[in-house]
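Engineer: Structure below; questions to follow.
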Ligand code: FES
C-alpha cells in the first residue's frame, strides 16, 4: 500500500485508491473541505512536495480559476478531494481547521 508523508504530521500507510482528503481526515489532520468534495471551494488544496501527482484535472483548473487562485501549477497545488492515492506522496496541507479557525466542512464521499 502507498505511503503518504504529510509535512509536520509524519508518514502513514493508505489504502490504494482512497481519496487524499479522506486519508488526511482519517489521520486526524483536519484539512478543510468546505464544499464536501465537490471541487468548488478549493479549501482542500495541498502542495505536492513529492510524488507523481502534479497534473491538474480540468475540473481542478476550473475550480482554481473560478476562485481566482493563481500560481497553481508553479506551486504544485492540487485539490485533495480530487486525488486518489495510487503511489507514495508527500504533501503540505494549506488550510486546516486549526490554521483557519473554520469548521472543516461536510465529509466528502468515499
Ligand atoms: S474543492 Fe471543496 S472539498 Fe475539495
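The values are calculated or read from the model by the stated rules, or taken from the named source; none is laboratory data. All figures in this text were calculated on a predicted structure; none of them were measured in a lab. Note that each Cβ is placed from the backbone with ideal geometry, even for glycine, and that neighbours are counted across all protein chains shown.
Engineer: I need every pair where a residue in segment 31-54 that is in contact (Cβ under 8 Å) with a residue 24 or more places away in the chain and within 12 Å of residue 21 (Cα to Cα) has its Cβ under 7 Å from the Cβ of a residue that is near the ligand (Cβ under 6 Å from one of its atoms) and part of a strand (DSSP E or B), sequence separation at least 6 or different chains.
Structural biologist: Short answer, once both residue conditions are applied: 39/79; 42/79; 44/79; 45/79.
Engineer: Which of the residues that make up segment 1-17 are touching a strand residue (DSSP E or B) at 6+ places or on another chain (Cβ under 7 Å) and either closer than 25 Å to residue 100 by Cα or without any contact (Cβ under 8 Å) to a residue 24 or more places away in the chain (or both)?
Structural biologist: Within segment 1-17, 1, 4, 5, 6, 7, 11, 12, 13 meet the criteria.
Engineer: Please give the number of the condition residue 59 fails out of (1) surrounded by fewer than 16 Cβ atoms within 10 Å (Cβ to Cβ); (2) away from the ligand (no atom under 14 Å from the Cβ); (3) at pLDDT 95 or above.
Structural biologist: If we test residue 59 against (1) surrounded by fewer than 16 Cβ atoms within 10 Å (Cβ to Cβ); (2) away from the ligand (no atom under 14 Å from the Cβ); (3) at pLDDT 95 or above, just (2) comes out false.
Engineer: Determine whether residue 75 is touching a residue at least 24 places away in the same chain (Cβ under 8 Å), away from the ligand (no atom under 15 Å from the Cβ), farther than 20 Å from residue 11 by Cα and assigned to a loop (DSSP other than H, G, I, E, B).
Structural biologist: Numbers: touching a residue at least 24 places away in the same chain (Cβ under 8 Å): yes; away from the ligand (no atom under 15 Å from the Cβ): yes; farther than 20 Å from residue 11 by Cα: yes; assigned to a loop (DSSP other than H, G, I, E, B): yes.
Yes; evaluated as a whole, the condition is true for this residue.
Engineer: What number of residues in segment 2-51 are more than 9 Å from the ligand (Cβ to nearest atom) and assigned to a helix (DSSP H, G or I)?
Structural biologist: The qualifying residues number 6.
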